[in-house]
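First the structure, in the form of structure tokens, and then the observations on it.
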Amino acid sequence: MAEKGLRKKEPDKSFEFRQCVKLMRAVPLKARDLGQLREHIARVSENSIYHHMYEYFLKGHRLEYTNDFAQWAGENLEARALAESLSSIDPYAVGSVQELRAQLLRAIDYYREHFPDPGQVPPGEEFHFNETVTVVFPVGLKARNLAEFLIALRHVDAGAIYYHFYEARRRLKERTDDFSQWVKDVLGKEALAQAIRSIDPFMHTIEGIREHVLELVDAELRKEMEVLPP
């Protein structure tokens, strides 16, 4: 029996930074032409679609297009119009991976109907389908308030930014992210949470996301300091 007078331990409301590492594994499917690409996209796992569309952002937008399918269409098939069409598909504006698959198929079907067949790529330039296994682990940083959050955010690895801002949109299924959730639910800062949530993940690199969130949090802290009594 619990002793009288013992206080219940308060739940930890700190923001705990976590990081994800993606372990890639090959799928026994590859495409040498547009017909094979369409066929495989139609039947490959959701995990594979997710990898080629969402996890492309882990590459930091170093390449010309915004997903692996578009990159291959533009650089290997030399089907620039198709590459632009595939690249314009925003995975974060789509409700599910199945809907995303449907958009990819529609873009390919439209191209095949209105443009010449680009033919096959040479051996060695095929599109190889992959999947990933995600390993998530804490990085040993917690933030109890906005100032600590700002300091930690400056130093965490890009994999932590990806996990809390990009991957969270699939995990939470509310088109939101871990940062804005914590700011709203724990700190009660609705306006700041909305500002963070409104950053478009499709339009920025991971480091760009970091800089945007840092600017917003820094501005909020400066505003708090201005209203402190002398």
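Summary of values
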item: Criterion violated by HIS114 - all others in (1) assigned by TED's automatic domain parsing to the domain that holds GLN36; (2) at pLDDT 95 or above; (3) surrounded by 15 or more Cβ atoms within 10 Å (Cβ to Cβ) satisfied; result: (3)
item: Close pairs from the range 37-57: first farther than 23 Å from PRO118 by Cα, partner among the acidic types (Asp, Glu), Cβ under 7 Å, at least 6 apart; result: SER45/GLU131; ASN47/GLU131; SER48/GLU131; HIS51/GLU131; TYR56/ASP68
item: Within the range 83-98, considering residues that are in contact (Cβ under 8 Å) with a residue 24 or more places away in the chain and in contact with a Phe, Trp or Tyr (Cβ under 6 Å, 6 or more places away or on another chain), the one surrounded by the most Cβ atoms within 10 Å (Cβ to Cβ); result: PRO91
item: PHE57 under 17 Å from ASP90 (Cβ atoms), touching a helix residue (DSSP H, G or I) at 6+ places or on another chain (Cβ under 7 Å), surrounded by 21 or more Cβ atoms within 10 Å (Cβ to Cβ) and modelled with pLDDT under 90; result: yes
item: Residue that is modelled with the lowest pLDDT, among those in the range 1-39 that are among the acidic types (Asp, Glu) and assigned to a loop (DSSP other than H, G, I, E, B); result: GLU3
item: One residue from ARG80, ARG101 being touching a helix residue (DSSP H, G or I) at 6+ places or on another chain (Cβ under 8 Å) and touching a residue at least 24 places away in the same chain (Cβ under 8 Å); result: ARG101
item: ARG170 modelled with pLDDT under 95 and within 25 Å of GLU215 (Cβ to Cβ); result: no
item: Selection from the range 207-228 of residues that are modelled with pLDDT under 90 and in contact with a helix residue (DSSP H, G or I) (Cβ under 9 Å, 6 or more places away or on another chain); result: GLU224
item: Helices (runs of 4 or more DSSP H) within the range 40-93 that include 2 or more residues of a type outside the set (Lys, Arg) and over 18 Å from THR134 (Cβ atoms); result: 68-75, 80-87
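Rundown of residues vs (1) more than 30 Å from ALA31 (Cα to Cα); (2) free of Cβ contacts under 8 Å to residues at least 40 places away in the same chain, yes/no style:
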site	(1), (2)
VAL135	no, no
ARG144	yes, no
ALA147	yes, no
HIS155	yes, yes
GLU167	no, no
GLU174	yes, yes
SER180	yes, yes
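The values are calculated or read from the model by the stated rules, or taken from the named source; none is laboratory data. In this text, all values refer to a predicted model and were calculated from it rather than measured experimentally. Neighbour counts are summed over all protein chains in view; Cβ atoms, including those assigned to glycine, are modelled from backbone coordinates with ideal geometry.
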